[in-house]
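Read the structure below first, then the notes.
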Amino acid sequence: MTAARGRLRRIVPFGLRTRLVLAFLLVAAVSAGTTAALTYREARNAVLVSAQDTAVASFREQVETLAPSLPVDPEILREYLYVLASKAKPHPWIVFAEYGSLRVSSSTRPTSSVITPGLRRTALTRSHSSFERVVKDGVPYLTIAVPVLTRTGAGDSMPTGLVLYAVMRMSDEQASVDALVTAARDGALPGLAIALVPALLAARGVLRPVRELREAARSMGSGRLDARIKVSGRDELADLARTFNESAAELERSVDELQQAEARARRFASDVSHELRTPLAGMLAVTEVLDEDADGLDPDTARAVRLISAETGKLAVLVEDLMEISRFDARAAELNSDEVDAAETIRKTLLHRHWNDRVRTELPDGIRARLDPRRFDVVVANLVGNALRHGSEPVTVRLGTRTAADGTALLVTEVTDGGPGIRPDVLPHIFDRFYKADAARTRSAGSGLGLAITQENVRLHGGTVRAGNGPGGGAVLTVEIPLGGPIGTDGSGTDGSGTDAAAGAGHAPGAGKGATA
Amino acid sequence: MRARLRAAAALAALLPFTACGIQETDVIGAGGGATVDVLPARQIRMLLFFLSPDGRLMPSPRTVGGGGGFDDGRQAPESAVETAPPSVEKTVAALLGGPTPQERRAGMDNEPSLPGPRTRVDVAVSGGGVELGLAAPLDGLTERAARQLVCTVAYAESAAGGVPVTLRGTDGTRAPARCDLRPDAEPAATGTASR
Amino acid sequence: MPRVLLIEDDPSVREGVELGLRRRGHEVRTAATGEAGLAALRTFRPDLLLLDLMLPGMNGVQVCRRVREDSQLPIIMLTARGDDFDVVVGLEAGADDYIVKPARTEVIDARIRAVLRRMEVPGSGRPAVEFHGDLAVDRVGLTVAKSGERLALAPSEMKLLLHLTAAPEQVFSRQQLLEHVWEHSYHGDARLVDACVRRLRNKIEDTPGSPRYIQTLRGFGYRFGPL
């Protein structure tokens, strides 16, 4: 659970959260930027307009105080310009005058490189003042042109041909504007940083239902079909959650029905075997009577009687196996574990079934394992019986240990035969119930459940069983079960022989320990 | 779709940083020019219109002095005070006499096609207009020269310079014209003469 | 030949087992219910009781308890595999062994004989009565007394005690005990041993919770002593 939480908290590079936050920040940035830009522009224009208007008005005012005599004498005009230059407002300016071909200024240079031909033409051809902002070498200048007019009569005037120019550096304005940019930037960046907080909150708000959905989906995936999401609100996510809940309920209902049907089928099989068992108990008790007395009957009756006797025995085995499988299906099978000597357990199995001279063994002594002797006996007996029936001799049982990847010490039991091996198309199915590898061989000595029961027994031990073919061609069935019993039940492991790491080499059990057979 | 979105986002992000600092502007009008009183005062001057180096009319007021005149009246008398305005004939004669050195220093000059300084002129006021007779042909007279004459005559006849002026030469008469000092009305091409 | 009382409610099983055992020479009396069986017990006086666990009315476990109240009659339960809980309860109630139905007559016969078989008399040189702590074990008379008071031990309990005391301080695995005391296969049900040990401890130990005579060696099995 904690691992799942950790995964939730991880920031996916371009996940939904990142994109939401980015989108939010983008909107915040655009609005902050636009506001800043508009404010900046207004403020800048206000600064500039104020400076320009002041300059133009005051320049014209200054010029109007003049009373030049025409035609203008350059020396006198220069004196005028000095006066005008000294009364600069709001910033110092240099004054230039043009009169016919005369060029006079308040500075050392008679003409200015800042005054554009456009401004000059406007000043000469129109009788009104004008100004132009010029940036030269990164320095902004305000250039003002005022044509000098003179009155000709009542309210009428004519240009005298004299034009005065003022050139003013706008350094202060530039400083103010630069300060505005800085202020806008310094205001917008913290604003963006602060916007990150609501962005994260909003992303969380949107993502919480998504996260709940994911957790619910995951818990459904892990089998908890009753997982539901709390539906709140009426948005699209709420619709999604509602749909999810409906689907989950439907799924739960279907699965429930399936499980009930399966349980009914299993109970039926179990009930049938139960019911068969009572008559079989009576029949099996008297088969001996039939066998003994068959000799005294006429041959046909004797054959019939022997057939009934033999089939009754097989039927009893089949019913017993069916009962066993039913118990596995109902999870009613219990493991009665005991710590035993593995080699002795296998030897006793072979001895009990009189297989000890038909089966070769490589059973190193001293391997103690925690297992259910009765179930392990069934496992070994089924594997060896299967090898003897379907393969051909020599059948070999090897015992060994190895260490699994996760460090668990495993008891490895391997049964091989000298037959042709298992066909590849059969291999995946040999642990299936009633699977017949050969359609022609309708029935064999076994019930058809032997390997399935073997597999269930191995699983009950927390182990695995594999089928394959050896390099020599014969079938190899390998059972691996934890030496200490199923994981979770702590085996006592009083002697450590089973945890020999060198035995980890052992797909060929016993090979690493020296053959003892 | 995605690319367009991204471009829009980039544009939006750039917006605050465009148009930073102080930009250049076009030429912007800002009210009238500066109207001043010029010397010499109206009562004691005659107004002559010469051409500036770039071909525009430039007014040049000259103080009217006694004895100033035709032969060598180039020096503007200073002390003489005459209450009556000078006659139109005198004024035209002064114009045809050409600019003084002082005026010449400011680049003023006569249009070369104007008749010479000794040309006889006569003026006749009839109805609302003035007719200027020149003892010279008008044939070679350029439009600029004509305007020099028209404006000088108009402002000599009336203070506001609003009367129509008809030019008559030895070879005919031109249509009446008014002095138009508005610089906008100035013909752009300097060398165009109308015949 | 042993006299066997079979209490079994199902007629076919009852008849089949009776037929099979009689053919093998047993004298068999049958009863269909627990109550009838208890009544037959007094009149028939069998050597051994074959008891079906699933009986209508009074069930097999109750019958078993009732028998054990005043008798050490050998009892073998008939049970179906999977009725694990009943097996454990039946063994705790005092049954000596159990047989899973369906079973061939030869299996039932072998089990009967095993239960009835006496432990071999120890070789000469051993005294008839051995003393282990407060226990006096008479191997010939098959009696056990604790502090002079005779104990009533069921056949399996007696045999287990005799087997363990024959080799004091020797460890026997449960599989070995199954083979030698019950004559089961090595892979038989070790719960037989555990149940029998519990019953025996209840009778011979001073405090069954911390046994002195029959000690458990985890992972290996049981041993008698050391005292």
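The values are calculated or read from the model by the stated rules, or taken from the named source; none is laboratory data. Small disclaimer: the values here were computed from a predicted structure and weren't measured. Reconstructed Cβ throughout: ideal geometry from the backbone, glycine too, with neighbour counts over all protein chains shown. Protein only, heavy atoms only, side chains kept; ligands, DNA and RNA dropped before computing areas. Shrake-Rupley method; radii C 1.70, N 1.55, O 1.52, S 1.80 Å.
Counting, for every residue in A:282-294, the Cβ atoms of other protein chains within 10 Å of its Cβ and taking the mean gives 6. Rounded to the nearest 20, the Cβ-based charge dipole of chain C about its Cα centre (Lys and Arg +1, Asp and Glu -1) stands at 400 debye. Beta bridges from DSSP with both residues in chain C: antiparallel share about 45 percent, rounded to the nearest 5.
Taking only protein heavy atoms into account and a 1.4 Å probe, give the accessible area per residue of chain A in Å².
50 Å²
Between A:R331 and C:N202, the simple spin-label model (points 7 angstrom out along Cα→Cβ) gives 3.3 nm. Using the Cα gyration tensor of chain C, with a ≥ b ≥ c the square roots of its eigenvalues, what is the shape: rounded (a/c below 1.5), prolate (a/b larger than b/c) or oblate (neither)? It is prolate, given that a/c is not under 1.5 and a/b is the larger ratio. Annotation: peptides A:88-96, A:379-387, ranked by per-residue average of other Cβ atoms within 10 Å with the highest first, follow the order A:379-387, A:88-96. Relative contact order for chain C: 14 percent, from Cα pairs under 8 Å spaced at least 6 residues apart, divided by residue count.
To check you understand DSSP bridge types, tell me what percent of the beta bridges within the protein assembly as shown (both residues inside) are antiparallel, rounded to 5. Of all bridge pairs located within the protein assembly as shown, approximately 75 percent are antiparallel. Counting charges near A:F328 (Lys, Arg +1; Asp, Glu -1) among other residues having Cβ under 12 Å from its Cβ returns a value of +1. In chain A, helices alone account for a calculated mean residue ellipticity at 222 nm of -18000 deg cm²/dmol, with every DSSP H run of four or more residues adding -39,500 (n - 2.57).
Ordered by solvent-accessible area of protein heavy atoms (1.4 Å probe), largest first, the residues A:I367, B:I28 come out as B:I28, A:I367. Here is what passes the span test in chain A: the DSSP H helices with alpha carbon length of 24 Å or more along the helix axis and a Kyte-Doolittle mean of -1.0 or above are A:16-64, A:171-221, A:236-293, A:299-329, A:373-390. Its relative contact order, with pairs defined as Cα atoms under 8 Å and 6+ residues apart, puts the stretch A:262-400 at 22 percent. Electrostatic bookkeeping for A:A43 treats Lys and Arg as +1 and Asp and Glu as -1; over the other residues with beta carbon under 13 Å from its beta carbon, the sum is -1. Take each residue in B:155-168, count the other chain C-beta atoms within 10 Å of its C-beta, and the mean is 2. Taking the Cβ-Cβ separation of C:A36 and C:D138 as r and a Förster radius of 35 Å, what is the calculated FRET efficiency to the nearest 0.05? Given R0 = 35 Å and the Cβ-Cβ separation, E is 0.45. In this simple spin-label model, placing a label point 7 Å from the Cα along the Cα-to-Cβ direction at both C:V107 and A:K87 gives a separation of 13.5 nm. Stretched out straight at 0.36 nm per residue, the stretch from A:R389 to A:H128 would grow longer than its current Cα-Cα span by 81.7 nm.
Between A:R78 and A:A238, what is the label-to-label distance in nm when each label sits 7 Å out along the Cα-to-Cβ direction? With each label point 7 Å from Cα toward Cβ, the separation is 8.8 nm.
Of the peptides A:318-330, A:212-224, B:88-100, the ranking by mean beta-carbon count within 10 Å, highest at the top, reads B:88-100, A:318-330, A:212-224. Relative to the longest principal axis of the Cα atoms of chain C, helix C:11-23 runs at roughly 60 degrees. Other chains near C:8-16: what is the mean number of their Cβ atoms within 10 Å of each residue's Cβ? What the average comes to for C:8-16 is 5.
To the nearest ten degrees, helix C:34-44 and the longest principal axis of the Cα atoms of chain C are 70 degrees apart. For the stretch C:7-99, DSSP calls about 0 percent of its internal beta bridges antiparallel. Once the Cα-Cα distance is subtracted from the 0.36 nm per residue extended length, the A:R253 to A:D178 segment shows a gain of 19.9 nm.
Evaluate E = 1/(1 + (r/R0)^6) for A:R185 and A:E61, where r is the Cβ-Cβ distance and R0 equals 60 Å; express this FRET efficiency to the nearest 0.05. Given R0 = 60 Å and the Cβ-Cβ separation, E is 0.95. Legend: calculated FRET efficiency, C:T216 to C:A152, from the Cβ-Cβ distance at R0 = 25 Å, rounded to 0.05, equals 0.55.
So what's the net charge close to C:P2: Lys and Arg +1, Asp and Glu -1, counting the other residues with Cβ under 15 Å from its Cβ?
+4
Mind ordering A:264-275, A:25-36 by average Cβ neighbours within 10 Å, highest first?
Going by the mean number of other Cβ atoms within 10 Å, highest first, we get A:25-36, A:264-275.
When A:R370, A:R185 are compared by accessible surface with a 1.4 Å probe, the order from highest to lowest is A:R185, A:R370.
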